[in-house]
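The values are calculated or read from the model by the stated rules, or taken from the named source; none is laboratory data. This one's a predicted model, so the numbers in the text were calculated from it and none came from an experiment. For neighbour counting, all protein chains shown are included, and Cβ atoms are generated from backbone atoms with ideal geometry for every residue, glycine included. Ligands, DNA and RNA are stripped out before the accessible areas are found, and what is left, the full protein with its side chains, is counted by its heavy atoms. Shrake-Rupley method; radii C 1.70, N 1.55, O 1.52, S 1.80 Å.
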Amino acid sequence: QFDLLVIGGGPAGAAAAVYAARKGIRTGVVAERFGGQVLDTMSIENFISVQETEGPKLVTALEQHVKQYDVDIMNLQRAEALSLDENGISQIRLASGATLKSKSVIIATGARWREMNVPGEKEYRGRGVAYCPHCDGPLFKGKRVAVVGGGNSGVEAAIDLAGIVEHVTLLEFGAELRADAVLQKKLYSLPNVVVIKQAQTTEVLGDGQKVSGLQYTDRQSGESHQVDLAGIFVQIGLLPNTDWLKGTLGLSKHGEIEVDNRGQTSLPGVFAAGDVTTVPFKQIVIAMGDGAKASLGAFDHLMRS
Ligand code: FAD
């Protein structure tokens, strides 16, 4: 039986594990893929104190740091269900069939960007197709980009990028933008933004090396159009990895785990951290701070129970 079991091996889970292990408590990490989203990241330039690094390099450093301590890392293991027994001990069922028991749990299963699923998207991911304006916006300084998605995150991204890049084309699938009125007002006040509604992106175009444009269908006329671009920011939703927790603990309407300011969820002894939670702004430094916080929250809980 563990004192603290961390589910997820991204930046939030790794930070939680290091903080817990340093308290001398029996700590385990279950991860479907140790490293999480960071493994899929080419260049990272906003991990403070490290000017520039690559995702896989940062993951190696994370793993080495966790392995400095006596932490039981169970990689390539997927958690499928969580329940509390009559004594308040958490039971985590894994896809392998095994069940792990722990006095406290930190869920740090992260999130994934919803993809457009059009030809060229996967091929040019990290070579012009981007999902995070905070991360990759500066790479397109002085260039033309598109934002796909007219909800709050798409419109925020377009406003943000308009301050950095030469020109932004925002494509919305529906007849109207879905972002808050105040964001729309701001967007329409910007001279270097064009909004195209009823636009269904059909293909990411490239020159074999990087993105050169995109193709969309005007859903009203059925006509196909091409826009020349250097970058495409896909902003059609971030999906938290909480399918396995539905009905178990409190989730927001977007499926994110609701936490208080110590990372405590609606279940006693169960904490959560990082992109999987309602904590705003999904970033590596934020996820790490959040993992550390939830770990200290869990340790405090253990001291009192
Ligand atoms: P994740 O990194 O998503 O890790 C989740 C972990 O949980 C993984 O180990 C996963 O395998 C595991 N898991 C999921 N479900 C289960 C389950 N059921 N059972 C067991 N394990 C499970 N942020 C920046 O700050 N700077 C950047 O430059 C940057 N660039 C990015 C580029 C890309 C392409 C992407 C996708 C993201 C980028 N981000 C960047 C965002 C950053 O990667 C995330 O904010 C951060 O990784 C979140 O950490 P996390 O630990 O909460 O979740």
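In terms of accessible area, using a 1.4 Å probe and ignoring ligands and nucleic acids, Met42, Met288 rank largest first as Met42, Met288.
A prolate overall shape is assigned to segment 133-202, the ratio a/c of its alpha-carbon gyration tensor axes (a ≥ b ≥ c) being 1.5 or greater and a/b exceeding b/c.
May I ask for the angle, rounded to the nearest 10°, between helix 11-21 and the longest principal axis of the chain, with both axes built from Cα atoms and the value confined to 0 to 90°? Tilt of helix 11-21: around 20 degrees. Sparse packing (at most 13 other Cβ atoms within 10 Å of the Cβ) combined with a DSSP loop state is found for the following GluC sites (Glu not before Pro) in segment 180-279: Glu223. Here the label points at Arg114 and Ser49, each 7 Å from Cα along the C-beta direction, are separated by 3.7 nm in the simple model. Sticking with the crude label model, points 7 Å out along Cα→Cβ, report the distance from Ile164 to Met42 in nm, one decimal please. For the pair Ile164/Met42, the computed spacing is 1.4 nm. Once you have a ≥ b ≥ c as the square roots of the Cα gyration tensor eigenvalues for segment 162-214, tell me rounded if a/c is under 1.5, and otherwise prolate or oblate according to whether a/b is larger than b/c. Oblate is the answer for segment 162-214, as a/c is 1.5 or above yet b/c matches or exceeds a/b. Over the residues of the chain, the helix contribution to mean residue ellipticity at 222 nm works out to -7000 deg cm²/dmol, using -39500 (n - 2.57) for each DSSP H run of at least 4. Over all distinct Cα-Cα pairs of segment 216-305, the Kirkwood formula returns a hydrodynamic radius of 15.6 Å. To put it simply, the accessible area of segment 175-229 at a 1.4 Å probe is 45 percent carbon and sulfur.
Working from the Cα coordinates of the chain, the gyration tensor eigenvalues give, after taking √(5λ), semi-axes of 39, 20, 17 Å in decreasing order.
Each of Ser189 and Glu80 was given a label point 7 Å from its Cα along the Cα-to-Cβ line. The distance between the two points is 5.4 nm. Here segment 102-142 is scanned for amide nitrogen atoms under 13 Å from the site 7 Å beyond the Cα of Lys210 along Cα-to-Cβ, giving 125-130, 137-142.
If R0 is taken as 25 Å, the Cβ-Cβ distance between Ile196 and Thr278 corresponds to a FRET efficiency of 0.20.
Per-atom-type breakdown for segment 231-302 gives carbon and sulfur 59% of the accessible area (1.4 Å probe, protein chains only). Potential lengthening of the chain between Lys143 and His225 amounts to 27.5 nm, from the contour at 0.36 nm per residue minus the alpha-carbon distance. The Cα center of segment 220-264 and the Cα center of segment 276-305 differ in position by 21 Å.
Annotation: per residue accessible area for the chain equals 48 Å², rounded to a whole number [probe 1.4 Å, protein chains only].
Any chance you could give the angle, 0 to 90 degrees and rounded to 10, that helix 55-67 forms with the longest Cα principal axis of the chain? For 55-67 against the chain, the angle is about 10 degrees. Inter-part distance, segment 158-213 to segment 1-67, computed on C-alpha centroids, equals 34 Å.
Charge dipole (Cα centre; +1 on Lys/Arg Cβ, -1 on Asp/Glu Cβ; no other charges) of the chain amounts to roughly 460 debye. Between the Cα long axis of helix 152-162 and the first principal axis of the chain there is an angle of about 60°, rounded to the nearest 10.
Computing the accessible area with a 1.4 Å probe over protein heavy atoms, can you report the carbon and sulfur percentage for segment 1-105? Ligands and nucleic acids excluded, carbon and sulfur reach 45 percent.
Pairs from the table (Lys253/Lys282; Lys143/Lys210; Lys23/Lys103; Lys143/Lys185; Lys141/Lys210) lying more than 21 angstrom apart at Cα are Lys143/Lys185.
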